[in-house]
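Have a look at the structure below before the remarks.
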Amino acid sequence: MNVALQINSILTDALKPVEIQVVDQSYLHVGHAGARPEGQTHFEVVITSALFTGKSRIERHRMINDLLFDLLCHQIHALSVKTYAPDDPRK
């Protein structure tokens, strides 16, 4: 399974998001440190989940990092995360 699908699956199972987007941005980092020729190293996640309600941005990011720990250790070089609760304003 490709890394983007793994990210999507892990976060969907755990956080039951009302919205999730996982974008492979590896093509933007070709030749940079941490980039692999086959890609699948740099990702952006935008996720909206009721489980983020009442949590700070740091707490939300820690939730994501904890869930993706194994991938972050072995496959993901860079991860950009935008988290929202359903009632949060979009920035």
Val45 fails exactly one of (1) modelled with pLDDT of 95 or more; (2) farther than 16 Å from Lys82 by Cβ, namely (2)
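Do you know which residues across the stretch 1-27 are of a type in the set (A, V, I, L, M) and within 13 Å of the chain's Cα centre (by Cα)?
We begin by selecting, within the stretch 1-27, every residue of a type in the set (A, V, I, L, M); these are 1, 3-5, 7, 10-11, 14-15, 18, 20, 22-23.
Matches in the stretch 1-27: Val3, Ala4, Leu5, Ile7, Ile10, Leu11, Ala14, Leu15, Ile20, Val22, Val23.
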Screening Ala35, Ala78 for residues that are within 10 Å of the chain's Cα centre (by Cα), surrounded by 13 or more Cβ atoms within 10 Å (Cβ to Cβ) and at pLDDT below 95 leaves only Ala78
Expected output for the stretch 64-81 (first residue under 15 Å from Val22 (Cα atoms), partner among the aromatic types (Phe, Trp, Tyr), Cβ below 8 Å, 6+ apart or cross-chain) is Ile76/Phe43; Ala78/Phe43; Leu79/Phe43; Ser80/Phe43
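The values are calculated or read from the model by the stated rules, or taken from the named source; none is laboratory data. The shown structure was predicted, so the numbers you read here are calculated from the model rather than taken from an experiment. All Cβ positions, even for glycine, are placed from backbone atoms using ideal geometry, and neighbour counts span all protein chains on display.
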